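For reference, the structure discussed in these notes is given below.
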Amino acid sequence: MTFLILSDIHGSAECLETALASFENKVDAIIMLGDYLNHGPRNPLPQGWDTKRTAELLNERKDKIICVRGNCDSEVDQMMLNFPCLNAYTMLAMPAPAGLRRLFIHHGHLYSREELSDWLPKGAIVISGHTHVTVMEEEAGLFYFNPGSISLPKCDDGKTCGILEVQNDTVKVSLYTIEGKPLREREF
């Protein structure tokens, strides 16, 4: 199964359209890591900010979306979105020959790595956003992936998103610019 991973849209319909045009036809589902419509009080308005258009684009894809609540998401955002977006986290379990591969999906502002290390089995993949900084690293038997932000990056990688491919015992995580340029990947 192949997932497009998007985080921290912050109402940028323009950046969302770019990412979707680059990847949507290549994936089975879209994992969204929160901060959908509101730009937040600490952020500037992102390029192409249009919350109504952003909501329309997301609602058109509601059947493909797996998502969690970000720190900038609220009940008024839920009123605009036609899929449940206010859960703090979600988990997926993928069958694999050696057992289940667990994916823990959260925005990144509520749970520490220490808590996750206590809660999750070794080999779990932790997917989060929030920081707007890309991360691909292993720690204490868990693999952490943050695709950065598609609209307001806070790292040198620029506006980014991710692709997660799960096949049997193999997991490949790839980081891309929203225009589709590959930056790096890791298989484990």
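Below is a table of values for the structure above.
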read-out	value
Nitroxide proxy distance, nm - points 7 Å out along Cα→Cβ at Arg42 and Asn59	3.1
DSSP bridge pairs, the chain: antiparallel proportion in percent, nearest 5	70
Alpha carbon centroid spacing (whole Å) that separates the stretch 67-143 from the stretch 149-188	16
Largest-first ordering by accessible area, 1.4 Å probe, given options Val133, Val27	Val133, Val27
Helix axis angle, 13-23 relative to the chain longest principal axis, alpha carbon, degrees	40
Accessible surface, per residue, of the stretch 56-139 when the full set of protein chains is kept, probe 1.4 Å, Å²	52
Given charges at Cβ of Lys, Arg, Asp, Glu: the chain dipole, positive-most of Gly48, Phe143, Tyr111	Phe143
Net +/- balance of residues flanking Cys85 in space, Cβ distance below 12 Å, scoring K and R +1, D and E -1	-2
Extension gain from His109 to Phe83, taking 0.36 nm per residue of separation minus the Cα-Cα distance	7.2 nm
Whole-Hz ³J(HN,Hα) from phi, Karplus 6.51 cos²θ - 1.76 cosθ + 1.60, for the stretch 30-36, glycine and proline x	10, 9, 10, 9, x, 6, 7
Amide H partners (placed H, <5 Å) of Arg61, local residues excluded	none
Coil-residue trypsin sites (Lys or Arg not before Pro) of the stretch 1-88, DSSP, other Cβ within 10 Å capped at 11	Arg42
Relative contact order (%) - the stretch 1-127, alpha-carbon pairs under 8 angstrom, separation at least six	21
Amide N of the stretch 85-117 lying under 15 Å from the label point, which is placed 7 angstrom from the Cα of Glu75 along Cα→Cβ	85-87
Sequence-distant residues sharing a close amide H with Val126 (under 5 Å, placed H)	Phe104, Phe143, Tyr144, Phe145
Cα coordinate range in the stretch 1-140, projected on the principal axes (Å, largest first)	44, 33, 25
Value in Å of the Kirkwood radius, where the stretch 1-56 supplies the Cα pairs that are averaged	11.6
Of Glu14, Glu114, Glu56, the one that fluctuates the most in a GNM where the chain has Cα springs shorter than 10 Å	Glu114
Dimensions (Å) - the stretch 33-115, Cα atoms, principal axes, largest first	45, 31, 23
Value of relative contact order over the stretch 6-71, rounded to a whole percent, pairs C-alpha under 8 Å and six or more apart	47
Pair Thr170, Leu100: separation of 7 Å Cα→Cβ label points (nm)	2.5
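The values are calculated or read from the model by the stated rules, or taken from the named source; none is laboratory data. Everything numeric here is computed off the predicted structure, so don't read it as measured data. Because the Cβ atoms are built from the backbone with ideal geometry, glycine has one as well, and the counts that use them run over all protein chains shown. Each accessible area value is taken on the protein alone, full model and side chains, heavy atoms only, with ligands, DNA and RNA left out. Shrake-Rupley method; radii C 1.70, N 1.55, O 1.52, S 1.80 Å.
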